[in-house]
Amino acid sequence: MLFFFDPTTAIAYSGTTAYAHEIIYKSFQVYQQSDDLESVAKTVNRLRDKADNPDFLLVRTTHSPEIIKIADSGVSKINSCIAWIGDQRAANFVATNCKEGTISDIERAFNIVIESSEYQTVGGYPVLSKGAQEGFKFVPYMRLISPRYIPKNGMQTIDFGTNQTGGYGYTTITPTAVGQNGLGLFFFQGRFGYFFHIDLKNNISERLKAYANTPEEFIKVVTDDTHISLEHCGKLG
């Protein structure tokens, strides 16, 4: 998962969720006192000194862009533009199968890893974000899986089906603002969604669930509750 300390500073982790959230909140408090990433990284390293230690990446996009990795080997600055945490075999697969290096290319490779039985430590949904000079922002994407059908000659409409026929699809729900935490998923066939509401300043970390017919309806429910401006990638016709 990925969190933003501010628009241009992000932290990601791989490992035990509940413990990682505790570390992120405490390191965010340190960051508010001093935005020196090395000091924050040392704090993260000290806090993770327990069994099943999660790995972390600290990233900054402006001034002097930095990537700092915190893992069992300690705190280390990454001099290249690529850094990995978590399952190294899975990381190598993604790296070697991202020929274009685009967001959609990375998402495709991560989905292969998630669905493969070879990587038992990797699961869930890809979380995509892009860092630019103005800051980090989540990138919305959509996934659709159609039930088995026989292709016909010429143009044809694809029926993505229902739960009963094996149709499956979702769109991510992402904040429109740069540096805004929070990420959601809306499932078309199930007509419901989750939104992970994260507010580091107020120590809020909660999963909201709502039923709706469309992504727009789901977004309205979540926005009315959180007051966060949201967007989605697409919907079924």
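Only the coordinates and a few stated rules stand behind these numbers; no lab work does. Since the model is a prediction, treat every value here as computed from it, not as a measurement. Cβ atoms come from the backbone with ideal geometry, glycine included; neighbour counts cover every protein chain shown.
Could you order the peptides 190-196, 96-102 from most to least packed, using the average number of other C-beta atoms within 10 Å per residue?
The most tightly packed comes first, giving 190-196, 96-102.
Alpha carbon centre of segment 75-152 versus segment 1-74: separation in Å?
20
Which value, in debye to the nearest 20, describes the size of the charge dipole of segment 166-237 about its Cα centre when Lys and Arg Cβ atoms bear +1, Asp and Glu Cβ atoms bear -1, and nothing else is charged?
Here the size comes out at about 160 debye.
Which of the listed residues, 177, 13, 94, is farthest toward the dipole's positive end in the chain, when Lys, Arg count +1 and Asp, Glu count -1 at the beta-carbon?
About the Cα centre, the residue reaching furthest to the positive side is 94.
Provide the three semi-axes, in whole Å and in decreasing order, of the ellipsoid equivalent to the chain as defined by the square roots of 5 times the Cα gyration tensor eigenvalues.
Over the Cα atoms of the chain, the ellipsoid semi-axes are 33, 22, 16 Å.
Before rounding to the nearest 500, sum -39500 (n - 2.57) across all DSSP H runs of length at least 4 in the chain and divide by the residue total; then give [θ] at 222 nm in deg cm²/dmol.
Counting only the DSSP helices, I get -8500 deg cm²/dmol.
Label residue 22 and residue 121 with points 7 Å out from Cα along Cα→Cβ: what is the distance between them in nm?
2.1
Over the chain, what is the mean sequence separation of C-alpha contacts under 8 Å (at least six apart), divided by residue count, expressed as relative contact order in percent?
Dividing the mean separation by the residue count of the chain yields 14 percent.
When the dipole is taken about the Cα centre of the chain, and only Lys, Arg (+1) and Asp, Glu (-1) are charged at their Cβ, what size is it in debye, to the nearest 20?
360
Once label points are set 7 Å from the Cα along Cα→Cβ at both residue 132 and residue 216, what is their separation, rounded to one decimal in nm?
2.6
Percent relative contact order of segment 51-115, based on C-alpha pairs within less than 8 angstrom and at least six residues apart?
Contact order relative to length: 20 percent.
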